[in-house]
């Protein structure tokens, strides 16, 4: 088995030239940052549900689910973003613009506004 046979996914590692390892490692650190963000959002969703904000019995589960879904989207989106960036690096193409941060920011803003409503009017 050659070194390249053990690398996965082939759609990333099977194209282009081997980049400077520092660039690939920086891309990997970005993926890990998305995973950390995902874990924090999921933990926040669990906390919103577990803390049991007074007067928010009907709203709380929706806010919790929304945080968890945003967290899952951040993890999956981070993976696809890592793949696209790694391919672009290997092919010496420009990096694509990112939509994932906007999705996460908008989702967190919606949850934040929901929590404000719960605290003020719950």
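The values are calculated or read from the model by the stated rules, or taken from the named source; none is laboratory data. No experiment lies behind these values; they were computed from the predicted model shown. Methodologically, a virtual Cβ is constructed for each residue, glycine included, from the backbone with ideal geometry; neighbour enumeration extends over all protein chains shown.
Annotations for the structure displayed:
- Scanning region 48-68 for residues that are surrounded by 13 or more Cβ atoms within 10 Å (Cβ to Cβ) and at pLDDT 80 or above turns up 48, 49, 59, 60, 61, 62, 63, 64, 65, 66, 67, 68.
- Pairs meeting the criteria (first residue in region 1-18 and surrounded by 10 or more Cβ atoms within 10 Å (Cβ to Cβ), second residue part of a helix (DSSP H, G or I) and modelled with pLDDT under 85, beta carbons under 9 Å, at least 6 apart or on different chains) are 10/4; 13/4; 14/4.
- Residues satisfying the stated conditions in region 88-122, i.e. at pLDDT below 95, over 17 Å from residue 11 (Cα atoms) and not in a helix (DSSP H, G or I): 97, 98, 99, 122
- Hey, residue 45 at pLDDT 95 or above and either touching a helix residue (DSSP H, G or I) at 6+ places or on another chain (Cβ under 7 Å) or outside any helix (DSSP H, G or I) (or both) or not: no
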